[in-house]
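Below is one structure, written out as structure tokens, with a few remarks after it.
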């Protein structure tokens, strides 16, 4: 809610992968093994000023988007998923027509722009509240020439007044609704929402955005997106944490436990937990998960473990490959501990991690301490149930 106006983000995800020569719709391609559209929705999900999200996608992808994106990543602000159309403009209007609260500010954003910044989004909301509109844009860096049909230069445009327009494009509900309604009535098809508002003679205010707010449309964009993602992760990570983990199991499968030692600025924290029936590998993975889940903000983390299973699965990319292959190790064999690998891969998107193998029982003080904690946890009377363990 912004000053008594409900804020609704319409995220348009009805495009395809034609320019990528891909069978996968571009919004479902992965950046760091998470779908582009999930990254995009997450930004708006985390902004307090956003009250509701409406996602527009293809009719045949409605169930998939709900199950594999909204439900899987627990996006609670997504209230509706509606079918789009063959043109982006018509898809946006479908989203607008599904708005219940007309006393609102409406943000229209491309589902394939996952790197939009929170502060830029909020700036467009403030602008829409004050002026009726606010669209993100960045100043053009290159010299722009106007040519004729024979590619002969006719003029050089003044670069200082040229902008490359991005999303979100944000408007008061009445403005964006009327603009789209008039466009339909006049059979006008525009390249973005702001041009429709211009057509009804309402000024549109540009808000300076960020050059990293790219629209992913080509294979080259995916490479750039991976680079931006990694750079953003390092920027967000402030604290430096050393984490030592170990798992133990009596019988394998049998009673099990994990031990964790966390060190930050000379301060130590230890914790452990025991389970009624599990495996050693599950305890090794769970130790890393529990340690990372304990962190309340993105951190730079060194993770020390004597488990080659865990270290190799992450550093050699095995876990990511299993996920991309629908959790198959090969044609005939499924990966083990899928529930835990899902959790750990999601956590690795939050923190900047470095996995380091240490030799077990080689007098590494912290590793030995973790081993002790894990074994003591097995002896506790209130052992937990490892719900993910299957016989």
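Tabulated results
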| quantity | calculated |
| --- | --- |
| Identity of the residue in the range 208-225, assigned to a helix (DSSP H, G or I) and touching a strand residue (DSSP E or B) at 6+ places or on another chain (Cβ under 8 Å), that ends up surrounded by the most Cβ atoms within 10 Å (Cβ to Cβ) | 225 |
| Sole exception among (1) modelled with pLDDT of 90 or more; (2) surrounded by 13 or more Cβ atoms within 10 Å (Cβ to Cβ); (3) farther than 20 Å from residue 277 by Cβ for residue 338, by number | (3) |
| Residue in the range 14-32 that is nearest to residue 228 (Cα to Cα), counting only those that are surrounded by 14 or more Cβ atoms within 10 Å (Cβ to Cβ) and either modelled with pLDDT under 80 or not assigned by TED's automatic domain parsing to the domain that holds residue 112 (or both) | 32 |
| Single condition residue 167 does not satisfy, out of (1) under 20 Å from residue 213 (Cβ atoms); (2) at pLDDT below 95 | (2) |
| Qualifying residue in the range 197-207 (condition: in a strand (DSSP E or B) and in the same structural domain as residue 26 (by TED's automatic domain parsing)) | yes |
| All positions within the range 257-298 that are assigned to a loop (DSSP other than H, G, I, E, B) and either surrounded by 17 or more Cβ atoms within 10 Å (Cβ to Cβ) or in contact with a strand residue (DSSP E or B) (Cβ under 9 Å, 6 or more places away or on another chain) (or both) | 265, 279, 295, 297, 298 |
| Residues of the range 91-116 that turn out to be outside any loop (DSSP other than H, G, I, E, B) and either in contact with a helix residue (DSSP H, G or I) (Cβ under 7 Å, 6 or more places away or on another chain) or in contact (Cβ under 8 Å) with a residue 24 or more places away in the chain (or both), as a count | 13 |
| Residues (crowded, with 19+ Cβ neighbours inside 10 Å and outside any loop (DSSP other than H, G, I, E, B)) located in the range 299-335 | 299, 301, 303, 304, 305, 310, 311, 313, 314, 319, 322 |
| Filter pass, residue 339 being within 19 Å of residue 386 (Cβ to Cβ), out of contact with any strand residue (DSSP E or B) (no Cβ under 8 Å at 6 or more places or on another chain) and assigned to a helix (DSSP H, G or I) | yes |
| Test: residue 179 is under 27 Å from residue 81 (Cβ atoms), part of a helix (DSSP H, G or I) and touching a helix residue (DSSP H, G or I) at 6+ places or on another chain (Cβ under 6 Å) | yes |
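The values are calculated or read from the model by the stated rules, or taken from the named source; none is laboratory data. These numbers were taken from a predicted model, which means no experiment stands behind them. Cβ atoms come from the backbone with ideal geometry, glycine included; neighbour counts cover every protein chain shown.
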